[in-house]
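Structure, as structure tokens:
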Amino acid sequence: MMDGSAPLTVENSIREEVDDVVVRFAGDSGDGIQITGGQFTLTTALAGNDLSTFPDFPAEIRAPQGTTFGVSAFQIHFGSREIRTAGDAPDVLVALNPAALQVNVSDLNKGGLIIVDEGAFTDRNLKKAGYTTNPLEDNALDGFRLIAVDITKNTLEAVKEFGLSQKEAVRCKNMYSLGLVYWLYGRDREPTISWLNAKFGKRLEIANSNIAAVNAGHALGETIEASGETTSYTIAPAEIKPGLYRTITGIEAISYGLVAGANKAHLKMTFAGYPITPASAILHTLSKLKQFDIITFQAEDEIAAVCAALGGSYAGTIGVTASSGPGIALKTEAIGLAISVELPLVIINVQRAGPSTGMPTKTEQSDLNQAVFGRNADSPLVVISASTPSDNFEVAIESIRLATKYMTPVMLLTDGYLANASEPWKIPNVDEIAEFPVKFLNNSDNFSPTTRDPKTLARNWPIPGTPNLEHRIGGIEKSYDTGNISYDSSNHQKMTDVRKNKIDGIANDIPLQEITRGDKKGDIAVVGWGSTFGPITRAVQKVRSNGHNVSHIHIRHIWPLPRNLETVLNEFKVIIVVEMNTGQLITLLRSQFLIDAKGLNKVSGQPFKVSEIEADILKAVKGLIP
Amino acid sequence: MNIATPPEKLSVKDYASDQEVRWCPGCGDYAIVRAMQKTMADIQAPPEKTVFISGIGCAARFPYYMATFGFHTIHGRAASVATGTKLANPDLDIWVISGDGDSLSIGGNHLMHVLRRNVNLQYILFNNEIYGLTKGQYSPTSKVGTKSPSTPLGSLDKPVSAALYALGCGARFVARGIDAQAKHLPEVFKRAHEHKGASFVEVFQNCIVYNDGVYDHFTAKNVAADKQIQVQHGLPLIFGSDANKGLRLKPGKIELDVVTINEDGVTEADILVHDETNKVLATLLAQMEAPNFPVAIGVLFCDPAETYETAVNDQLESQKRQNQNPSVNELIRSGATWTVD
């Protein structure tokens with residue numbers, strides 16, 4: 001709900017001031033909804049609001065037009081306060097066809113505003129969306145405010161002077177609706193106009209048509225306003241730490257983080273991937289950044305991708321591969337090889353709803369078990385997770401640091417929500433991030449490929465091309481001392497132990513677990529990992545403001561776990577573990593620490609709502625009252 | 001001042017590692033590793049730049065026995081690891097060592113792609129028509145009817161021809177050798193090494209334990225001359241103990257015919273001359289089988305083209321030239337930014 005309602009005058013008109021708003025754009029998957037959302041995000045960021053976005057699109061590229069399963073949506077939550085989630089329920093729904101209304105209207109807050117393209121509510125489209133009567137004409141939308149405009153017709157009218165084909169002209173209707181929403185929140189159209197000019201510079205008629213559509217949508221708002229039919233709003237800038245900002249998606253943050261990490265390690269990167277939703281975009285992004293000494297390779301399959309990345313590490317670059325759950329499953333054997341030969345490797349898992357193909361464009365965090373345990377034999381590796389879109393940047397750097405320092409594969413867990421969502425990011429100065437240059441072995445005195453650093457237990461890294469260091473490595477068990485093949489039983493025990501101890505020891509090289517929000521001791525700790533960060537922290541903030549003694553603990557390092565985590569958790573009477581799976585971190589915590597944690601789990605393909613977590617916390621609070 | 005001392009010439013022995021060889025006594029692999037060590041000495045391969053990468057199987061133990069760099073990877077995936085290694089460091093000289101199961105069953109996909117991409121490496125497939133390391137199951141190159149632990153009544157599926165598969169995948173170099181041909185095999189390896197691009201070599205290798213004598217019908221001393229044809233670019237395709245048999249095209253057909261010179265009016269001028277740049281001829285030679293045809297040995301096809309890692313690194317270098325001294329700070333500041341005071 002929109003909080004607050006102090007009227008104030010802006011641009012000679014009365015605008016109602018609100019603290020935060022959730023807007024959802026929805027339409028056909030070919031309607032340019034994601035572009036509309038992206039533009040609104042940029043403009044909102046430039047206006048100084050804090051924000052969080054959630055793009056939600058179907059797996060089908062162009063599902064049959066007008067159908068409910070072809071609806072693409074983009075939600076943005078923005079405000080004058082700190083914004084941590086994309087919002088539980090929209091205050092405003094822009095529906096470009098009946099299917100978009102059908103799919104989304106039940107999510108809308110009571111009293112919310114619906115903007116529809118009346119022109120798209122034809123009998124045919126209504127039928128396709130499953131409506132037997134026109135919701136604009138019966139009482140289906142009672143309790144909501146409605147702006148029904150023939151957006152299609154108005155758009156065609158606005159762009160007709162530029163001579164586009166009918167198809168091209170209709171495509172401008174997303175910009176018309178964007179213009180209307182710009183008016184609603186008093187947004188500056190200029191950033192979008194410059195963007196359109198830059199994007200369609202070579203086809204001026206398209207740029208001009210889209211600009212005309214934005215302006216026409218905005219003008220319509222002014223007309224409605226003059227008639228007094230609808231209120232417009234203003235949202236004051238949020239209190240945001242000073243600095244230089246941009247919006248960033250998780251995919252961009254991972255990709256840039258990998259570039260920065262390789263840079264800090266003084267290594268070239270060999271990135272090998274195979275197309276899979278939603279991880280492919282990392283390959284796309286890095287393919288445009290070859291100037292940073294990045295070899296990108298689209299392999300013939302997931303197995304070849306991880307093997308080529310490992311081959312890259314063998315040659316002395318940092319090998320990186322990215323995929324999603326089913327692809328990670330295929331890479332498993334090669335990851336085991338990387339563990340056995342102790343070469344660095346970064347494996348990114350952009351988790352999605354499963355099992356099997358599951359729901360490729362929907363988010364979930366159900367690959368934790370796969371990451372920590374999903375290999376044959378005792379084969380430990382490092383698992384690290386990102387909690388917000390921009391957090392992927394830091395986590396990617398940390399992955400490369402740990403992989404190279406400890407000669408181990410590192411699994412980076414992110415998810416479909418984090419990958420596609422965006423948020424404002426205070427751009428760091430990369431020069432301030434510590435370097436961790438890799439030193440290859442070049443001394444052949446007493447050489448063995450399994451000689452270890454006594455402190456980290458990492459083996460040395462002799463790379464092909466170095467004279468006098470010729471040696472053989474492989475997946476067969478090797479002698480602790482010489483690296484030669486060994487089937488000796490006590491040696492296998494020793495090697496298994498050293499592989500385990502090496503990874504366990506990394507707990508001493510990662511930050512101690514901190515309390516994300518709240519006190520160090522109290523009634524309830526809400527524990528999370530990954531993309532549940534936003535909703536948990538907001539829910540905890542809300543219950544704390546009502547006087548409840550609740551803290552939020554968000555875990556980045558899944559394996560090894562932070563060395564003080566057990567002590568931290570023991571300071572609370574009740575531990576709730578919030579996860580978008582049926583209980584994976586909770587199993588890990590229970591088995592490691594013998595704690596009686598309770599789970600709050602959801603696997604709907606949609607992120608948690610703040611209210612869902614809040615309700616669960618309040619239930620636990622009640623349980624504590626004697 | 002640097003005074004360059006002439007490097008010591010490395011001998012065959014210098015390329016043998018100190019590891020105990022663990023193949024069965026009498027295995028054809030011994031001959032192949034010796035042929036390879038001889039090849040290394042002949043070309044004076046720098047050991048530090050030479051890398052043997054293998055998958056899984058008997059053949060895949062090969063890298064342990066070479067005093068070079070070696071990586072024994074996982075079943076079927078050596079080609080993929082090798083591709084990544086070559087892309088990351090094109091200066092390395094990479095030999096992939098594999099078997100018929102490793103290359104044509106579990107790793108068939110990767111073999112296809114390393115060949116079509118034309119990654120500059122040598123791919124040596126030891127074909128013994130059997131799974132040795134898992135105790136004798138039939139393989140994708142076993143003849144129909146092969147009795148094995150998994151096919152006690154005889155195998156039913158038709159075999160794949162390694163050389164034809166390679167040609168079909170777009171290999172630019174396809175050759176064949178025989179394990180026991182101590183003189184010829186190093187020559188084939190040297191040709192493979194000279195060729196820039198993916199060089200595919202099928203070595204007919206005898207498994208003394210599970211498939212002994214599978215190639216005797218063309219490798220045994222008493223039949224070799226009549227049942228093998230050693231092909232050489234520019235020379236007529238003549239074979240036989242009396243050197244009077246030859247290959248020609250059947251009149252009016254794209255089909256080979258075995259003929260005898262000085263019989264039925266056939267003269268030496270009628271015999272086809274081997275042209276290793278001709279893919280159609282290479283295909284015809286590769287598909288020759290006993291008993292009607294001799295088995296073609298030697299370089300069947302060699303037609304170089306730009307290598308993959310060269311093209312990949314050219315793209316990379318051109319991007320680096322166009323964006324010199326790229327800065328991560330600039331990268332993350334590109335696009336729309338705003339300042340909060």
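Since every read-out is calculated from the coordinates, none of them should be taken as a lab result. Just so we're clear, the structure is a prediction, and the values are computed from it rather than from any experiment. Neighbour counts are summed over all protein chains in view; Cβ atoms, including those assigned to glycine, are modelled from backbone coordinates with ideal geometry.
Taking B:T68 as the residue in question, decide whether it is touching an Asp or Glu at 6+ places or on another chain (Cβ under 6 Å), farther than 18 Å from A:L330 by Cβ and of a type outside the set (D, E, K, R).
When the stated conditions are applied, B:T68 passes them.
Scan the range A:421-441 residue by residue and report those that are more than 13 Å from every other protein chain (Cβ to nearest Cβ) and under 18 Å from A:R84 (Cα atoms).
A:A421, A:E423
Tell me which residues, restricted to the range A:448-469, are under 17 Å from B:V51 (Cβ atoms) and either more than 12 Å from chain B (Cβ to nearest Cβ) or surrounded by fewer than 11 Cβ atoms within 10 Å (Cβ to Cβ) (or both).
A:W461
What's the number of the only condition in (1) within 20 Å of the chain's Cα centre (by Cα); (2) under 20 Å from A:S177 (Cβ atoms) that A:T85 fails to meet?
Exception for A:T85: condition (2).
Each row is one residue, and each column tells you yes or no for (1) within 14 Å of chain A (Cβ to nearest Cβ); (2) in contact with a Lys or Arg (Cβ under 8 Å, 6 or more places away or on another chain).
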position: B:K250; (1), (2): no, no
position: B:K253; (1), (2): no, no
position: B:G265; (1), (2): no, no
position: B:A282; (1), (2): no, no
position: B:Q324; (1), (2): yes, no
position: B:S327; (1), (2): yes, no
position: B:S334; (1), (2): yes, no
position: B:W338; (1), (2): yes, yes
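Quick one: would you say B:N313 is within 14 Å of chain A (Cβ to nearest Cβ) and surrounded by 15 or more Cβ atoms within 10 Å (Cβ to Cβ)?
Answer is yes for this residue.
Quick one: in the range A:143-169, of everything that is under 12 Å from A:N210 (Cβ atoms) and out of contact with any Asp or Glu (no Cβ under 8 Å at 6 or more places or on another chain), which residue is surrounded by the fewest Cβ atoms within 10 Å (Cβ to Cβ)?
This residue is A:E168.
If we keep just the residues of the range A:300-319 that are more than 7 Å from chain B (Cβ to nearest Cβ) and free of Cβ contacts under 8 Å to residues at least 40 places away in the same chain, which is surrounded by the most Cβ atoms within 10 Å (Cβ to Cβ)?
A:A305
Results for (1) β-branched (V, I, T); (2) farther than 19 Å from A:G217 by Cα, shown as yes or no for each residue.
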| position | (1), (2) |
| --- | --- |
| A:N104 | no, yes |
| A:G119 | no, no |
| A:D138 | no, yes |
| A:T152 | yes, no |
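In the range A:273-298, how many residues are at the interface with another protein chain (Cβ under 10 Å from one of its Cβ atoms), assigned to a loop (DSSP other than H, G, I, E, B) and more than 14 Å from B:A88 (Cβ to Cβ)?
Of the residues in that region, 2 qualify.
Residues in the range B:179-227 that are β-branched (V, I, T), within 28 Å of B:A79 (Cα to Cα) and without any contact (Cβ under 8 Å) to a residue 24 or more places away in the chain: how many?
The total comes to 0.
If we scan the range B:21-43, do we find a residue that is facing chain A (nearest Cβ under 10 Å) and closer than 18 Å to A:P467 by Cβ?
Checking the range B:21-43: not a single residue is facing chain A (nearest Cβ under 10 Å) and closer than 18 Å to A:P467 by Cβ.
Tally up the residues in the range B:234-259 that are in contact (Cβ under 8 Å) with a residue 40 or more places away in the chain and exposed (fewer than 15 other Cβ atoms within 10 Å of the Cβ), please.
1
So which residues in the range A:470-492 are of a type in the set (G, A, S), touching a residue at least 24 places away in the same chain (Cβ under 8 Å) and more than 7 Å from chain B (Cβ to nearest Cβ)?
A:S479, A:G483
Are there any pairs with C-beta distances below 7 angstrom linking a residue in the range A:36-64 that is free of Cβ contacts under 8 Å to residues at least 40 places away in the same chain and away from chain B (no Cβ under 11 Å) to a residue that is outside any loop (DSSP other than H, G, I, E, B) and aliphatic (A, V, I, L, M), with the two at least 6 apart or on different chains, and if so which?
A:G37/A:I76
Could you name every one of the strands (runs of 3 or more DSSP E) located completely within the range A:531-626 that has at least 2 residues being touching a strand residue (DSSP E or B) at 6+ places or on another chain (Cβ under 7 Å) and β-branched (V, I, T)?
Result: A:550-555, A:572-579.
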